[in-house]
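Working notes for the structure below.
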There are 2 protein chains.
Amino acid sequence: MIRSTSQRIAHTLAALDRERTCWISVGRKDGSSHLIPVSFCWDGVQLVVATRRQSVTAEAARRTGRVRVSLPSTDDVVIIDATATIVTLEQIDVATHLFYRQVTGRDPARETDPFVYVVLSPVRILAWRDDRERARREIMRESEWITDDDA
Amino acid sequence: MIRSTSQRIAHTLAALDRERTCWISVGRKDGSSHLIPVSFCWDGVQLVVATRRQSVTAEAARRTGRVRVSLPSTDDVVIIDATATIVTLEQIDVATHLFYRQVTGRDPARETDPFVYVVLSPVRILAWRDDRERARREIMRESEWITDDDA
């Protein structure tokens, strides 16, 4: 069964609530790519991840302002292109810090190395389960959810 | 339980035999990254994937010769940095073509758009299940499996 755009949006929102870890990829200075799993929380609008201040991910987020994220499943695909903003542990609002800690079970303030938050705002989201859905895989474009009428 | 290097190598080889799809990430010309799921087969030495000749993945593989691949799971992590070589459908050896078709159930020769194979030779492999294993996550370095003595 091919899901409508609104069904794929509903499933994607549920998956973002349910999942605790995503793959995050960034471009490296030498033109290659980096890819690593990170814990995240989703507040309905943004994904929040945490990483070492000096990590490849943080460095690239600072330099390019862009990341590409996916949920783990390769059968029920959710891919997100997002803008990335570094927020220090001092700058992050308390609610986001507590929510991240509760959802992921991790506390960036207790890591040995200095950590930062990276706040990800989705710009484009792709969601598909098979080749038929893949042909119309966009469910968000230019930060706007696509309606069934647009699709 | 922390697995030894040789255990993590054995588990990684089994996962590469078992899995049918991986995440493949490449650097884009604009400095950002691309990330997409692809079917693959593993012959014990190389991963073979197929993609449209004009895809972002093929273009980057041609330009940079490097990709980073992961198996889907973010709990039982396998990440592979590999050299990437484009092989056309005319150039690929028949055994590899038949093996790819059998393992993935896909035939690049029957796609609407022109496809190419991308042959991936692992250079570095990381494998871990938890933070304790993550500290010693390398199981292959400079295309050589690491022995328990090296690790």
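Derivation of every value follows stated rules applied to the coordinates shown; laboratory data play no part. If you're wondering where the values come from, they're calculated on a predicted model, not measured in any experiment. Heads up, the Cβs are rebuilt from the backbone with ideal geometry, glycines too, and the neighbour counts pull from every protein chain shown.
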Revision key, fill the gap. Residue set B:VAL56, B:VAL116; condition over 25 Å from B:LEU13 (Cβ atoms), of a type outside the set (Ser, Thr, Tyr) and in contact with a His (Cβ under 7 Å, 6 or more places away or on another chain); output residue B:VAL56
Check your understanding: Mind checking whether some residue in segment B:116-128 is more than 10 Å from chain A (Cβ to nearest Cβ), in contact with a strand residue (DSSP E or B) (Cβ under 9 Å, 6 or more places away or on another chain) and at positive phi?
Key -> no
Review point. Restricting attention to segment B:113-151, which residues are under 30 Å from B:ARG53 (Cα atoms) and either polar (S, T, N, Q) or part of a loop (DSSP other than H, G, I, E, B) (or both)?
Key: B:ASP113, B:PRO114, B:SER121, B:GLU142, B:SER143
Review point. Quick one: in segment B:42-72, which of the residues that are within 18 Å of B:GLU111 (Cα to Cα) and of a type in the set (A, V, I, L, M, F, W, C) is nearest to the other protein chains (Cβ to nearest Cβ)?
Key: B:VAL56
Practice item. Considering only residues that are touching a residue at least 40 places away in the same chain (Cβ under 8 Å) and among the polar types (S, T, N, Q), look in segment A:18-41 and name the one that is farthest from the other protein chains (Cβ to nearest Cβ). Key: A:SER39
**Study point:** Of residues in segment A:73-91 being out of contact with any strand residue (DSSP E or B) (no Cβ under 6 Å at 6 or more places or on another chain) and not polar (S, T, N, Q), the one farthest from the other protein chains (Cβ to nearest Cβ)
**Key:** A:GLU90
